[in-house]
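**Q** Let me begin by handing over the structure; questions about it come next.
Here, each number is a calculation from the coordinates, and none is a lab measurement. In this text the structure is predicted, and so the values were computed from the model without any measurement. Don't worry about glycine lacking a Cβ; one is built from the backbone with ideal geometry, like all the others, and counts go over all protein chains shown.
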Amino acid sequence: MDSDSATVDAAPLGRRERSKAAVRQRLLEAALAAFAEKGYRASTIDEIAERADVARATAFNHYPRKEDFLLELILKRRQGIREGLEEQLASPGQTVLDGIREVVRAAARSYEANPETNQAMMHAMLQSGVMATAGSHSTGLAFGRAVAVGQVRGEIRTDVDAYAIGNVLFDGCVGILYRWGLGEVELPLEQAFDTALDVVVTGISPR
């Protein structure tokens, strides 16, 4: 869900582009390691460059600001969620709500696969303010489009605004992630997401 594509306009990347992509990935991994070990505010781009074994100027060329590391990380994750929703909607024999639930569960599993690092990343995003804005509108719209498809299929009430419900679904999951990043969620993340989804699904299922 968070993997990078190695193509541009469906064409394989050349050697130079692959090298740049590899450097960016090393820098991202070094940034996450620094944030997990020292915290976001105490980490510097100079230190991240040293961890990634690249020149200071190279690091600043790829990521001029410290929050740019976080911006790329959250944009990749949210792109993965949007792509996951599209795949689920195209899957035959599955309801829209089940598809949404599977995408959200997959996101939970990806975060909990490395909780210490991902919680450090979430904490850093809260401190920087990146998470509140990066890709939020487009991801909320993606949930809204999924709800609209469910309405057309007769799986979701038609007397509710699809995009308002999409934002409720997305915002609910983001809120849980906020608290999870601060260590305030005692339930497994997948279970916490399921609980929030159950409340919304009850309200939007056909009566």
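**Q** Once the Cα atoms of helix 115-128 and of the chain are each reduced to a long axis, what angle between those two axes, in degrees from 0 to 90 to the nearest 10, is obtained?
**A** Once rounded, the angle reads 90 degrees.
**Q** Helix 189-204 against the longest principal axis of the chain: what's the angle in degrees, Cα atoms only, rounded to the nearest 10?
**A** 30
**Q** Sticking with this structure for a sec: Using r as the Cβ-Cβ distance of SER136 and GLU29, and R0 as 25 Å, what FRET efficiency do you calculate, to the nearest 0.05? Working shown, then result.
**A** Values: r = 25 Å, r/R0 = 0.99.
For R0 = 25 Å, the calculated efficiency reads 0.50.
**Q** Obtain the nm distance between the two label points defined at ASN61 and ASN114 by a simple spin-label model: each point lies 7 Å from its Cα along the Cα-to-C-beta direction.
**A** 2.5
**Q** How much length would be gained if the chain were fully extended between LEU182 and THR202, taking 0.36 nm per residue of separation minus their Cα-Cα distance, in nm to one decimal?
**A** 4.4 nm
**Q** How much length would be gained if the chain were fully extended between THR195 and VAL152, taking 0.36 nm per residue of separation minus their Cα-Cα distance, in nm to one decimal?
**A** Value of the extension gain: 12.9 nm.
**Q** What are the aspartates and glutamates whose alpha-carbon lies under 15 Å from the alpha-carbon of LYS38, with same-chain residues fewer than 8 places away excluded?
**A** Straight-distance partners of LYS38: GLU29, ASP46, GLU47, GLU50, GLU116.
**Q** Could you give the angle, 0 to 90 degrees to the nearest 10, between helix 136-152's Cα long axis and the longest principal axis of the Cα atoms of the chain?
**A** Long axis of 136-152 versus the principal axis of the chain: about 20 degrees.
**Q** Which of PRO92, PRO115, PRO188 moves the most in a Gaussian network model of the chain with Cα springs under 10 Å?
**A** PRO92
**Q** Something else now. Choose one answer from GLU184, GLU86, GLU67: the residue with the largest mean-square fluctuation in a GNM of the chain with alpha-carbon springs under 10 Å.
**A** GLU184
**Q** What whole-number value in cubic angstrom gives the convex hull volume per residue for the C-alpha atoms of region 73-200? Can you show the working numbers first?
**A** Working: hull volume 12.1 nm³, N = 128.
Residue-normalised Cα hull volume stands at 94 Å³.
**Q** Given the DSSP H assignment, sum -39500 (n - 2.57) over each helix run of at least 4 residues in the chain and divide by its residue total; what's the result at 222 nm in deg cm²/dmol, nearest 500?
**A** Mean residue ellipticity, 222 nm, calculated: -23500 deg cm²/dmol.
**Q** Let me ask you something else. Working out 0.36 nm times the residue gap between LEU75 and ASP161, then minus their Cα-Cα distance, what length gain in nm do you get to one decimal?
**A** In short, 28.4 nm is gained.
**Q** Which loop-located trypsin sites (Lys or Arg not before Pro) does region 10-60 contain, where loop means any DSSP state but H, G, I, E or B and the Cβ has at most 12 other Cβ atoms within 10 Å?
**A** ARG41
**Q** Return the single residue from LEU85, LEU187, LEU73 with maximal mean-square fluctuation; model: Gaussian network over the chain, springs between Cα atoms under 10 Å.
**A** The residue with the greatest mean-square fluctuation here is LEU187.
**Q** Please work out the FRET efficiency for the pair ALA106 and VAL174, using the Cβ-Cβ distance as r and a Förster radius of 22 Å; give the result to the nearest 0.05.
**A** Details: r = 16 Å, r/R0 = 0.72.
Efficiency at R0 = 22 Å is approximately 0.90.
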